[in-house]
Each structure stands twice: as C-alpha cells, then as structure tokens.
Amino acid sequence: MKQNRIDQKFEEDKKLLSIYFSAGHPNLDDTVPILNALQSSGVDMVEIGLPFSDPLADGPTIQESSTQALKNGMTTETLFNQLEGIRKSIHIPLVLMGYFNPMMQYGIEKFCARCQAIGIDGLIIPDLPVDVYHEQYKPLFDQYGLYNMFLITPQTSEERIRYIDSVSSGFIYMVSSASVTGAKSDFGAEQASYFERIAQLGLNTPTVVGFGISNAATFQAATQYSKGAIIGSAFIKFLEEKGVANIDAFVQSIR
C-alpha cells in the first residue's frame with residue numbers, strides 16, 4: 001500500500017506550514033485556484049474547510065467565511081466535484097476539515113469513498129469524539145486510507161492525550177489556547193510552557209499547532225516544540241483584502 005502523503009511530508013527535515021481556508025470563499029470557484037497558488041508558493045499541506053452552518057470551534061473570521069461560502073452555494077457535493085482530478089496538479093497533502101453532521105447526511109462510507117477517489121489524505125472532524133471514532137469508524141476510515149486527526153488543548157488531560165496518540169495517524173492538532181480560532185500577534189508564557197510540556201511527553205504522533213498563528217513570529221514560536229503550524233484566520237483575512245492572485249506574498253511573509 002502506498003504511503004500516505006501526510007507521512008511522507010512529515011519525514012521531511014523542516015518545519016511544516018499548513019494553510020486552512022473555507023471552500024467556496026471568497027468566491028464559489030476559488031477552491032482550485034487557491035490550492036494551486038498555495039502549492040506553488042511552497043506551502044506544505046492544506047486544510048480545506050467544508051462550510052457548516054454552525055461551526056462551534058471557529059472564531060468570527062472563519063465563521064463569516066463559512067457563512068459566505070454557504071451563501072455562494074458551497075455544498076459537500078460541490079466541493080467533491082471541484083476537487084475531481086485535483087491530483088493531476090496538486091501533490092501536497094490535502095486534509096478536509098469539517099463537522100460530522102454534513103458527513104453523516106452525505107453518508108459516512110460514501111463520503112470516505114469519495115475522499116479516497118479524489119486523493120484526500122485525511123480528515124479533521126472537531127465534533128467527532130476520539131472514542132466514538134475508535135469504536136465505530138476507524139476500520140472504515142482505514143479501509144479508505146484516510147487519516148483522522150484529533151485536537152488537544154491546554155486543558156486536555158495527559159491520559160486523554162496518550163489515548164489520542166495511541167489511535168492517531170498523521171499528526172495531532174495542538175490547539176494553542178482554549179478559545180476559538182483567531183489570529184494573534186504573539187504567544188504568552190502560558191502557551192510556550194504548554195507547547196514544551198506536550199513536547200516532553202514523547203508522543204509517537206507528531207504535533208502541529210493551530211489557532212492564533214498569523215505571522216513569522218507566531219509561526220516560529222509555535223514550531224519551536226512542534227513539527228509545524230496551521231494558519232487559518234490570518235490567511236482568510238488576507239484573501240478577502242488582497243485576493244487569490246497575491247497568495248505568494250502572504251506565504252513569504254510567514255517563512
């Protein structure tokens with residue numbers, strides 16, 4: 001069986017930059033142009049947000065982009081149609097991030113099969129508890145070669161983190177703080193000690209930090225103790241202000 005692209009990427013000797021955006025935002029047909037621009041500007045991995053009407057973990061910027069995408073007409077089926085044939089041009093890992101409800105409405109197995117056919121490498125489903133996944137869905141995800149990544153926060157117990165580590169593939173998504181997503185200009189001592197504490201656990205699964213990364217300083221701070229970092233809100237704001245054509249400038253400002 002072919003190695004998952006996420007594993008291949010994590011074997012590279014560098015800190016990884018992952019970018020999140022909401023599919024169908026700013027415009028319905030921006031998904032593929034954004035992916036192409038991100039890859040050519042040197043981004044290591046992309047998380048494509050599947051818009052949902054009630055995105056609980058997301059801050060205002062991502063919520064608004066999600067709402068706009070839904071108004072633009074984005075649906076699960078539309079996104080899959082847009083991504084048809086994407087692997088002819090995109091070779092970096094692609095992760096779909098979304099809530100469980102739309103996936104259940106689509107049909108879990110049908111959803112997984114479609115992801116596999118398109119070449120999606122993994123999923124992040126914030127509202128699917130790790131134990132429910134482990135007991136009910138893991139064999140199905142494994143069958144379709146899909147990694148499922150879980151979130152931990154500064155409040156997650158060590159016992160829970162070790163359980164997540166034991167059932168995880170790909171990476172663990174380390175939420176930098178207990179609040180919702182959103183860009184910050186720097187991290188405090190509390191977050192730095194949390195990053196260090198997780199690093200000292202010696203987990204088998206690499207960690208990637210998300211929430212609050214918006215510039216070179218926060219990217220460097222986040223990746224001091226982890227393999228990479230994810231930028232969402234700051235990128236979405238940039239897209240709204242500067243457009244798809246200027247994506248390269250955003251990525252260079254982080255690197």
* Asked: Any residue in the stretch 19-42 that is on the phi > 0 side of the Ramachandran plot and surrounded by fewer than 17 Cβ atoms within 10 Å (Cβ to Cβ)?
  -> yes
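Yes/no matrix, rows are residues, columns are (1) closer than 18 Å to residue 99 by Cα; (2) of a type in the set (A, V, I, L, M):
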site	(1), (2)
120	yes, yes
128	yes, yes
138	yes, no
143	no, no
161	no, yes
169	no, no
* Residue check for residue 161: surrounded by 15 or more Cβ atoms within 10 Å (Cβ to Cβ), touching a helix residue (DSSP H, G or I) at 6+ places or on another chain (Cβ under 8 Å) and part of a helix (DSSP H, G or I) -> yes
* To do: Would you be able to say whether some residue in the stretch 194-205 is surrounded by fewer than 21 Cβ atoms within 10 Å (Cβ to Cβ) and in contact with a Gly (Cβ under 8 Å, 6 or more places away or on another chain)?
  => yes
* Asked: Can you name the residue in the stretch 159-185 that is modelled with pLDDT of 90 or more and charged (D, E, K, R) and, of all such residues, is farthest from residue 45 (Cα to Cα)?
  -> 159
* To do: Scan the stretch 209-248 residue by residue and report those that are under 21 Å from residue 35 (Cα atoms), hydroxyl-bearing (Ser, Thr, Tyr) and either at pLDDT 95 or above or not in a loop (DSSP other than H, G, I, E, B) (or both).
  => 233
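The values are calculated or read from the model by the stated rules, or taken from the named source; none is laboratory data. All figures in this text were calculated on a predicted structure; none of them were measured in a lab. Don't worry about glycine lacking a Cβ; one is built from the backbone with ideal geometry, like all the others, and counts go over all protein chains shown.
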